[in-house]
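Reading through the structure tokens given below for one structure.
The values are calculated or read from the model by the stated rules, or taken from the named source; none is laboratory data. Only a predicted model underlies this, so the values are computations on that prediction, with no experimental measurement involved. Neighbour counts are summed over all protein chains in view; Cβ atoms, including those assigned to glycine, are modelled from backbone coordinates with ideal geometry.
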Amino acid sequence: MPPVYDDRMDVAYAGMKADLGYDDVETCAAAGAIPPGVIVGDTTNERIVAGPGSRIRGLALHTHTIPRDGGYREFDAVSVLRVRRGWALVTSGGAVTKDGPVKCAADGTVSDAGATAVPNAVFRSGVVDVAGGKIALIELHAPFAQAPATP
């Protein structure tokens, strides 16, 4: 039976790109399970993990080529959004301030009060309730490392 579409569909889902404008997406190998819509970072073995890792890489995007619950598994090729806007999973119980700075928790979910600031990233929406939980639109601008202060 074909899927049913109606006017009550969610506006977005975790890991979805917000639009088709200019973006920068790279492919990285997963070091373990990575759900779409979380901030990902480097490991020492040149693979990525959910969360900031040793250096933030971007936002794990949803892909239709891996249609399984839980998203990416170890060694999967993860599409990572580095520049533009995408929908991120919000930390359970977390608050989001539109136009405020993005911070992420150890698991890569985002909120106003996360442990790690995501440099050059800003919230472009408040929290949105969807079938898979709570998401927020974030705008990313690589690089994610802060430039050294000039004297």
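General remarks:
- In segment 51-79, the residues that are within 23 Å of residue 144 (Cα to Cα) and in contact (Cβ under 8 Å) with a residue 24 or more places away in the chain form Cβ pairs under 6 Å with partners that are aliphatic (A, V, I, L, M) and assigned to a loop (DSSP other than H, G, I, E, B), at six or more places apart or across chains, as follows: 51/106; 60/38; 62/16; 79/61.
- Restricted to segment 11-36, and to residues there that are under 12 Å from residue 87 (Cβ atoms) and exposed (fewer than 14 other Cβ atoms within 10 Å of the Cβ), the residue that is modelled with the highest pLDDT is 19.
- Residue 81, sole failed condition from (1) surrounded by 20 or more Cβ atoms within 10 Å (Cβ to Cβ); (2) closer than 16 Å to residue 48 by Cβ; (3) modelled with pLDDT under 95: (3)
- Of all residues making up segment 37-73, the number that are surrounded by 19 or more Cβ atoms within 10 Å (Cβ to Cβ) and either of a type in the set (S, T, N, Q) or in a strand (DSSP E or B) (or both): 12
- Just one of the listed residues (119, 143, 151) is at pLDDT below 95, assigned to a strand (DSSP E or B) and of a type outside the set (Phe, Trp, Tyr), namely 119.
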